[in-house]
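In what follows, a single structure is set out as structure tokens and then discussed.
The values are calculated or read from the model by the stated rules, or taken from the named source; none is laboratory data. Remember, it's a predicted structure, so these values are computed and weren't measured experimentally. For neighbour counting, all protein chains shown are included, and Cβ atoms are generated from backbone atoms with ideal geometry for every residue, glycine included.
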Amino acid sequence: MTKVCIALNAGSSSLKFQIFEADAANERSIVFRGLFERLGGPARFTVKGEDGKQLDETSWQDSDSFGHEKALLHLIAWLQAHKGDRELAAIGHRIVHGGAFYDGPVIIDDNVIANLESLTPLAPLHQPYNLEPVRIVRKRLPKIPQIACFDTSFHATQPEVATTFALPREIRERGVRRYGFHGLSYEYIASVLQEHDPALARGRVVVAHLGSGASLCALDHGRSIATTMGLSALDGIPMGTRCGSIDPGAVFFMIRELGLSADAAEKMLYTKAGLLGVSGLSNDMRVLREAAPTNPDARRAIDLFIYRIRREIGSLTAALGGLDGLIFTAGIGENDVATRAEVVNGLAWTGLQLDEGANTRRGPKISRGSGPSAWIIPTNEELVIARQMRRVIADKLQPAAAARA
Ligand code: AMP
């Protein structure tokens, strides 16, 4: 009987999954992959097979209140009906915050759940949605091992100076420091750089993960040495609905002078700021690009996004001591030709030169000349979850089998 594992990536309104063989020779051979989107509203489930062909599609009405729990139960039932003689061996989860507790994947038990719950205030937009499927699986499939794979752990290689806030010791000792996020995405990019450009894999690289959540990471020899997000996923560049870096004084002003409660201020900074807040129109780059020619607020939001990305690339280049390459990834990075052009064209001082034709054709290499190179590399967080899960299964769940192999 073939053993299969599920890699789950749960967001606030989506649940992505990939189902793969636990010990396939080709790590990219996926048995099934799919997505639940618009959870809590008019939800939709789509699933594809090994060959990329769509196998199933189901939609629900707004009134069905189809949320994460129903989605996971639907997935388990769908898998039961379609798995043939395959047996489910483990489930791996993307967990945004591992805090100071974990610098690598871990098998989930009561203690792990308690630790991860204690980090919810640091990632209120993500951690509860990441943990919900964990609880559902424990209730419904208590014998299936679950593995937590963290967005923070890739940044464990950063030097102390990059993670320290200038705060008194008694505050720092409570875990108030920079952690960084999108680590599964950065780990994937670092792992495939060698295939694109072996010298770059050993060089000084900035990766721009530009999706609804967005951050940048400085890689030196494929290891994270600095990143734009900090204690929470609010810091860094403006995002779809999140503010990015902000003077802490602005938060006190909003609370004291504008009368916002701390909770209201936090909610605003997570859900009503960023591209949505500045444009007053949308958090979706596609909508903003379409509106920008005639809507100054949409243009203002895009300009701020681009400006902040360029400034952060300057800062990360300083941390690296130079720049050999820039990688674009995630929804906006992979798809928005204009964002890539506006970012790269503002970085001529680094020697970066855009190859406009290649940028329009989606690369992968989108630069020319002898300066630093620029690339588009689609990310694959689920593959990293799968890799980490395979490693944990081999090390911890089947140590005897691993020793024999
Ligand atoms: P992600 O969180 O990585 O799925 O990225 C989501 C964001 O990518 C969306 O909010 C859009 O703004 C952006 N996006 C997706 N497709 C495109 C596209 N074709 N052009 C511009 N932006 C896009």
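The combined condition, being within 16 Å of the ligand (Cβ to nearest atom) and of a type outside the set (Asp, Glu), is not fulfilled by PHE154. Of the residues making up region 66-111, those that are touching a strand residue (DSSP E or B) at 6+ places or on another chain (Cβ under 7 Å) and closer than 14 Å to VAL392 by Cα are ALA89, ALA90, ILE91, GLY92, HIS93, TYR102, PRO105, VAL106, ILE107, ILE108. Of all residues in region 173-207 being among the polar types (S, T, N, Q) and away from the ligand (no atom under 16 Å from the Cβ), which is farthest from HIS93 (Cα to Cα)? Once the filter is applied, the top-ranked residue is GLN194.
If you filter region 387-404 down to residues that are at pLDDT below 70 and touching a helix residue (DSSP H, G or I) at 6+ places or on another chain (Cβ under 8 Å), you find that the one that is surrounded by the fewest Cβ atoms within 10 Å (Cβ to Cβ) is ALA401. Exactly one residue among ALA100, ALA71, ALA77 is aliphatic (A, V, I, L, M) and touching a residue at least 60 places away in the same chain (Cβ under 8 Å), and that residue is ALA100.
Would you confirm whether or not region 274-284 contains a residue that is touching a strand residue (DSSP E or B) at 6+ places or on another chain (Cβ under 6 Å), of a type in the set (A, V, I, L, M), surrounded by 15 or more Cβ atoms within 10 Å (Cβ to Cβ) and under 30 Å from ASN335 (Cα atoms)? Checking region 274-284: not a single residue is touching a strand residue (DSSP E or B) at 6+ places or on another chain (Cβ under 6 Å), of a type in the set (A, V, I, L, M), surrounded by 15 or more Cβ atoms within 10 Å (Cβ to Cβ) and under 30 Å from ASN335 (Cα atoms). Scanning region 114-133 for residues that are in contact (Cβ under 8 Å) with a residue 24 or more places away in the chain and among the small types (Gly, Ala, Ser) yields a single hit, ALA123.
Quick grid of which residues meet (1) within 22 Å of the chain's Cα centre (by Cα); (2) closer than 18 Å to VAL251 by Cα; (3) at pLDDT 95 or above; (4) not hydrophobic (A, V, I, L, M, F, W, C):
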{"site": "LEU269", "(1), (2), (3), (4)": "yes, yes, yes, no"}
{"site": "VAL278", "(1), (2), (3), (4)": "no, yes, yes, no"}
{"site": "LEU281", "(1), (2), (3), (4)": "no, no, yes, no"}
{"site": "PRO293", "(1), (2), (3), (4)": "no, no, yes, yes"}
{"site": "ALA298", "(1), (2), (3), (4)": "no, no, yes, no"}
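On the basis of being closer than 17 Å to GLU381 by Cα, charged (D, E, K, R) and in contact (Cβ under 8 Å) with a residue 12 or more places away in the chain, does ARG44 make the cut? It is false that ARG44 is closer than 17 Å to GLU381 by Cα, charged (D, E, K, R) and in contact (Cβ under 8 Å) with a residue 12 or more places away in the chain.
When region 304-314 is filtered for residues that are more than 15 Å from the ligand (Cβ to nearest atom), within 20 Å of ASP247 (Cβ to Cβ) and either within 21 Å of the chain's Cα centre (by Cα) or among the charged types (D, E, K, R) (or both), the ones remaining, listed by number, are ARG308, ARG310, ARG311, GLU312. When region 303-318 is limited to residues that are in contact (Cβ under 8 Å) with a residue 40 or more places away in the chain and in contact with a helix residue (DSSP H, G or I) (Cβ under 9 Å, 6 or more places away or on another chain), the one that is farthest from VAL343 (Cα to Cα) turns out to be THR317. Among the candidates GLY222, GLY236, GLY230, the residue that is touching an Asp or Glu at 6+ places or on another chain (Cβ under 7 Å), under 24 Å from GLY98 (Cβ atoms) and buried (at least 18 other Cβ atoms within 10 Å of the Cβ) is uniquely GLY236.
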